[in-house]
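Remarks on the structure that follows.
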Amino acid sequence: MAASESISQETAQPTSVQGDPVELGIPKQEKTGQLPALTTALSERATQAFGKKDWKTAREAYLEMLKEEPRNALTLANLGAVEQQDGKLKEAQSYFSRALLINPGLQQTWTALGLVSYELGDSYYAVSALTRAIHEDPTDARAHNYLAAAVKRLGWLDAAEAELRRAIELYPEYANAHFNLALMYLDRKPPAIELARRHYETALSLGSGRDELVDEKLKKP
């Protein structure tokens with residue numbers, strides 16, 4: 001993954017579902033257990049390097065920690081986050097999957113696995129991972145937004161709309177979800193222009209940028 005969580009790079013037409021400019025970052029320890037014992041210095045070095053986007057140093061520190069405890073889920077998840085942010089999606093997918101085999105309760109890691117799988121074109125795996133992320137935390141609006149992208153790619157448009165509506169229900173000020181739902185309404189045949197306009201204007205009021213193609217479609221009778 002790039003530095004942002006955006007799961008759509010398409011700009012040619014207003015039919016793609018957008019993600020959020022927020023880094024997933026290093027998983028928290030609330031449900032992940034603890035890092036290996038006697039690795040405090042390595043952990044601090046890795047965290048500082050991650051914050052500076054020094055992926056090489058962060059990777060080296062986490063690999064050293066992994067030598068101390070090869071089946072530490074938190075270390076594996078953090079290595080996945082490093083590879084994700086460094087754009088090495090296959091490596092990230094592998095680390096996330098290994099972490100989840102050890103500790104399947106890592107909600108944030110399920111979301112990250114879904115995102116990298118989506119970027120790798122593995123839509124069914126992305127749907128599976130994001131569905132599990134929502135199972136672990138049904139109130140995560142971002143996971144619903146990302147699941148909408150994955151199911152939309154598979155052509156499950158009703159399911160995509162439902163996930164976006166759920167994201168907005170959970171977080172009414174979720175600009176990207178409003179924008180994405182506007183796109184879904186424009187993709188209907190015939191388009192639901194007024195519904196699309198309502199969500200597009202809400203997205204704009206919440207900080208989304210204008211989209212020329214959306215503006216053009218909304219002007220059509």
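The values are calculated or read from the model by the stated rules, or taken from the named source; none is laboratory data. Since we're looking at a predicted model, the values are computed, not measured. Every residue, glycine as well, gets a Cβ built from its backbone with ideal geometry; the counts of neighbours run over all protein chains shown. Heads up: the accessible areas ignore ligands, DNA and RNA and are worked out on the full protein's heavy atoms, side chains in. Shrake-Rupley method; radii C 1.70, N 1.55, O 1.52, S 1.80 Å.
Work out from phi, with θ = phi - 60° and the Karplus expression 6.51 cos²θ - 1.76 cosθ + 1.60, the ³J(HN,Hα) of each residue of region 78-86, listed in order in whole Hz, and give x for Gly and Pro.
Values per residue, Gly and Pro as x: 5, 4, x, 5, 4, 5, 4, 5, 8 Hz.
Packing-wise, with mean Cβ within 10 Å as the measure, how do 138-150, 200-212 rank, highest first?
On the way: 138-150: 23.8, 200-212: 15.3.
Averaged packing, sorted descending, gives the order 138-150, 200-212.
Roll a 1.4 angstrom probe over the protein heavy atoms and tell me the percent of accessible area of region 67-221 that is carbon or sulfur.
Numbers: 3620 of 7140 Å².
It is 51 percent, rounded to a whole number.
Semi-axes of the equivalent ellipsoid for region 162-221, please: Cα gyration tensor eigenvalues, times 5, square-rooted, ordered largest first, whole Å. Mind showing how you got there, number by number?
Numbers: eigenvalues 68, 37, 11 Å².
Taking √(5λ) for each eigenvalue gives 18, 14, 7 Å, largest first.
Which ³J(HN,Hα) values in Hz, rounded to whole numbers, follow from the phi angles of region 148-162 under the Karplus curve 6.51 cos²θ - 1.76 cosθ + 1.60, where θ = phi - 60° and Gly and Pro get x?
So the Karplus estimates, Gly and Pro as x, are 4, 5, 5, 6, 4, 4, 7, x, 8, 5, 4, 5, 4, 4, 5 Hz.
What nm distance separates the two modelled labels at Leu157 and Ala41, each placed 7 Å from Cα along Cα→Cβ?
6.0 nm
List the aspartates and glutamates whose alpha-carbon lies under 13 Å from that of Lys88, not counting same-chain residues fewer than 8 positions away?
Those aspartates and glutamates meeting the cut-off are Glu119.
In units of 2.2 N^0.38 Å, what is the alpha-carbon radius of gyration of region 107-221?
Compactness ratio reported: 1.06.
Principal axis extents for region 78-147, Cα atoms only, whole Å, descending order, please.
Computed over the Cα atoms, the extents are 28, 25, 18 Å.
Positive end of the dipole of region 40-173, charges at C-beta (+1 Lys, Arg; -1 Asp, Glu), about the Cα centre: which of Ala141, Leu164, Gln93 has its Cα farthest in that direction?
My answer, from the dipole projection, is Gln93.
Run the dipole for region 149-221 about the Cα centre, Lys and Arg Cβ at +1, Asp and Glu Cβ at -1, nothing else charged, and hand back the magnitude in debye, nearest 20.
Details: 12 positive and 12 negative charges, 44 e Å.
My answer is approximately 220 debye.
I'd like the distance between the alpha-carbon centres of region 176-200 and region 106-139, rounded to an integer number of Å.
25 Å
Need one number for region 124-178: average projected area of the convex hull over its C-alpha atoms, nm².
Working: hull surface 12.7 nm².
Answer in nm², one decimal: 3.2.
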